[in-house]
Amino acid sequence: MSSEYDPSEFVDDDFPAGRKSSSTPATPFAAGAGPAASRAPSREEVESKVLDMQQKLAELKREQQDLERERATLEELRRRQSEFTTGRTEMIQSLTRGIALLQEAEFNLRREAEQMSKSLVGLREGLEKIQSIHDETWTAANLEVELTRALTAVENARMEWNSARLKFTVLAGEGATPQPAAQPGTPSFADVLQQRSYAELCKLGLALTWPVLIAGLAIFFALLIRK
């Protein structure tokens, strides 16, 4: 009768090694994948990349246009702000100066108006006092008193009138004698000379000086004859 089955007796040592070597790919086959990865791009790939670049350039151009519009808007805003600042400063100075000048002018006008009002009151009172004098009613008994009173009223009115004339120039021309105006169309001697030519001026000078020349010649000949 045979002995029991021993698996170790039928194991071939070369069979597992062959299976292991057949499962592992060969080195030359794996190294052959390098040239396939560095191959030249196809026409479709190049066209796709060109389209991508064109799209990017178009986007950059749109961004540039947007930036240009934004820059123009900011430049206009800066110009308007500068115009506002300059105009505000100018108008503040002008309005401040104008207000000060008008206030001073208004104050002077009011003071002048007050003085004019006071002068009007004084002139009216002086006029009323003078008009209220009725010298035809004076008698021999009150002549001295009434005359003194009337002279005082006239003198006070004259003082008020002279004071008003000094204050207001509108009264300065009262009673002034107007100067006669020059008659138009009457040329002066300088105008006549300017209208003459050089030859006419020479003739005019000779006509004015020939009597003197003749007198000089007569004196010269008379002295010669005496010698």
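Please give the FRET efficiency for residue 172 paired with residue 149, using the beta carbon to beta carbon distance and R0 = 25 Å, rounded to the nearest 0.05.
0.25
Hey, rough spin-label estimate for residue 94 and residue 118, points 7 angstrom out along Cα→Cβ, what's it come to in nanometres?
Inter-label distance under the simple model: 3.9 nm.
Given the stretch 46-171, what whole percent of its Cα pairs are spread farther than 19 Å? All intermediate terms of the calculation are to be shown ahead of the outcome.
Values: 5946 of 7875 pairs.
Within the stretch 46-171, distances greater than 19 Å cover 76 percent of Cα pairs.
Can you put 70, 136, 146 in order, fewest other beta carbons within 10 Å first?
Least to most surrounded, the residues fall as 136, 70, 146.
Lysine pairs in the stretch 46-171 8 or more apart or on different chains: how many have alpha carbons under 30 angstrom apart? Write out the running numbers ahead of the final one.
Numbers: 49/61; 118/129; 118/167; 129/167.
So the count of such lysine pairs works out to 4.
Laboratory data are not the source of any read-out in this text; all were calculated from the coordinates shown. On a predicted model such as this, the values are computed, not experimentally measured, just so you know. Using ideal geometry, Cβ is built from the backbone for each residue, glycine included, and neighbour counts are taken over all protein chains shown.
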